[in-house]
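Undergrad: Below is one structure. I have some questions about it.
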């Protein structure tokens, strides 16, 4: 089992700078533009307005945050949750206009930075909760796949019995 990554005193300034850079990128992508009423959006939903390319570019920026989290020692369970956040935002974000509204509300990059910060504060607790999340998400995904396969088969069987 992988243990928590300890940051040496020599690496602490570099690590702090990397975290500051990640926080700045997440803020730029998710919260940099103030809207009336006190709500904030970032560049991610605006970039997502570009058909096809916008969501792919947003996913690349989000992937950078995940790669940096990996190099900072985040365990696989945290990284899988981060990948799940980006995947949800990218897939739903591909829906014209409604997906961009979802991007503005979901804020995957801020969520991923919160996961990384929680891991740094409580490595064992966050790893445990992320494992349960990944397990539950995997079971839900398996159920969805089973339904996607079973429903057409049941429809075909019902049609065959009908005729």
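The numbers here are math on the coordinates, done by the rules we state, and not lab data. As the structure is a prediction and not an experimental result, all values here were calculated from the model.
Undergrad: Under a GNM of the chain (C-alpha, springs under 10 Å), which listed residue has the highest mean-square fluctuation: 71, 126, 32?
TA: Highest fluctuation of the listed residues: 71.
Undergrad: For the range 90-163 and the range 28-85, write down the distance between their C-alpha centroids in whole Å.
TA: Taking the Cα centre of the range 28-85 as reference, the centre of the range 90-163 is 17 Å away.
Undergrad: Given a cut-off of under 8 Å on Cα pairs at least six residues apart, what relative contact order in percent is computed for the chain?
TA: Computed over the chain, the figure is 22 percent.
Undergrad: May I pose another question? Over all directions, the average projected area of the alpha-carbon convex hull for the range 36-112 comes to how many nm²? The partial results should precede the final answer.
TA: Values: hull surface 20.4 nm².
The number I arrive at for the range 36-112 is 5.1 nm².
Undergrad: So how tilted is helix 108-121 from the main axis of the chain? Cα-based, degrees 0 to 90, rounded to 10.
TA: It is inclined by approximately 50 degrees.
Undergrad: Here's something else I'd like to know. Using only Cα atoms, find the angle between the long axis of helix 123-162 and the longest principal axis of the chain, and express it within 0 to 90 degrees, rounded to the nearest 10.
TA: Tilt of helix 123-162: around 20 degrees.
Undergrad: Right, something else. In degrees, nearest 10, range 0 to 90: what is the angle between the Cα axis of helix 53-71 and the longest Cα principal axis of the chain?
TA: Here the helix axis deviates by roughly 50 degrees.
Undergrad: Before rounding to the nearest 500, sum -39500 (n - 2.57) across all DSSP H runs of length at least 4 in the chain and divide by the residue total; then give [θ] at 222 nm in deg cm²/dmol. Could the numbers behind the result be given before it?
TA: On the way: 7 runs with 124 residues, N = 163.
Per the formula, -25500 deg cm²/dmol.
Undergrad: For the range 15-163, what is one quarter of the convex hull surface built on the Cα atoms, given in nm²?
TA: Values: hull surface 47.4 nm².
With the hull built on Cα positions only, its mean projection is 11.8 nm².
Undergrad: Using alpha-carbon pairs under 8 Å, 6+ residues apart, how would you state the relative contact order of the range 71-163 in percent?
TA: On the way: 46 pairs, mean separation 29.0, N = 93.
About 31 percent, as a whole number.
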